[in-house]
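Okay, structure first, notes after.
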Amino acid sequence: MSERTAYPQEVVDGAQKATGEVVLTARELRRTFGSGATEVHALDGVSLEVPAGRLTVVRGPSGSGKTTLLNLLGGLDRPTSGQVVLDDGRVLSELPERDVLRVRRERIGYVFQSFGLVPVLSAAENVEVPLRLKRTSAADRGRRVEEVLELVGLGRHAKQRPYELSGGQQQRVGIARALVSRPDILIADEPTGQLDSETAATIMDLLVDLTHSQGIASIVSTHDPVLMGRADQVIELHDGKRVERSA
Ligand code: ADP
Ligand code: MG
């Protein structure tokens, strides 16, 4: 709580949860693709708790199930068995599609490895897209876009198009867009995968800062061991199973 009160109130409006309060719970998640001889157990009984105001890093080699897990936690996919449970007690993984869409729109921000920006739109216009979809008024959109670009350190680059920005700056736009609707859950699948290691470290630092200052429950996957030092919690996957963290 104390670290949150240090930030301007308009910035922390979206953070309703106390730090450490569990926002998402995964129970014995299994996800199987295909059937018979080609069956793949992408996730094989994974349980975890995702707390507010903390950075949860999902680590594991390629093919270990990181993307599958993040897609289940973010309501983009449904498990073969097991549950994803929200803090209000609802089982996200069993809600009707329209309710899942609503939870995604209102509570979850997504950051993509490849940034996912629209090339013909400026940084500010890219960040504004989710607010337009929500039919937020122009005045409120302008104010919030400016605020969130400032938050990611891009206040002076609002008018630039993605190709006029570095990779790290593009990912900052991606993060600003993910946060513009004030989600309390942030999901980022290898957000630094396309960045050099120095830039990756600054992006990871930004994610840590935002997670703590905004009280967001963040789930970030990476296979970069250096970045895991920033985590509040590390979930290590091997062959779809959670394993004890190896040093
Ligand atoms: P990671 O993100 O850690 O690289 P993934 O979650 O993408 O791992 O994949 C875990 C396993 O599940 C891999 O063996 C992958 O080939 C398989 N898999 C993932 N998605 C699908 C799919 N849609 N169809 C079939 N197999 C899949
Ligand atoms: Mg992946």
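Nothing in this text is a laboratory measurement; each read-out follows from the coordinates by a stated rule. Note that this is a predicted model, so its numbers are computed, not measured. Cβ: placed from backbone, ideal geometry, glycine included. Neighbour counts: every protein chain shown.
Summary of computed values
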{"read-out": "Protection proxy ranking, peptides 176-183, 88-95, average beta carbon neighbours within 10 Å, highest first", "value": "176-183, 88-95"}
{"read-out": "Cα long-axis angle, helix 97-107 against the chain (0 to 90 degrees, to the nearest 10)", "value": "50 degrees"}
{"read-out": "Amide hydrogen neighbours beyond the local backbone of LEU186, cut-off 5 Å, H modeled", "value": "GLY109, ALA217, SER218, ILE219"}
{"read-out": "Under 16 Å from LYS241, Cα to Cα: lysines that are on another chain or at least 8 residues apart", "value": "LYS66"}
{"read-out": "Residue-count net charge about PRO130 - beta-carbon cut-off 9 Å; Lys, Arg +1, Asp, Glu -1", "value": "+3"}
{"read-out": "Sequence-distant residues sharing a close amide H with GLU21 (under 5 Å, placed H)", "value": "ALA52"}
{"read-out": "Cross-link reach list, aspartates and glutamates versus LYS17, counting only Cα pairs under 19 Å and skipping chain neighbours closer than eight places", "value": "GLU3, GLU49, ASP87, ASP88, GLU106, ASP184, ASP209, ASP232"}
{"read-out": "Compactness of the chain as Cα Rg over 2.2 N^0.38 Å, two decimals", "value": "0.99"}
{"read-out": "Acute angle (nearest 10 degrees) that the helix 167-179 long axis makes with the longest principal axis of the chain, alpha-carbon atoms", "value": "80 degrees"}
{"read-out": "Cα long-axis angle, helix 123-133 against the chain (0 to 90 degrees, to the nearest 10)", "value": "70 degrees"}
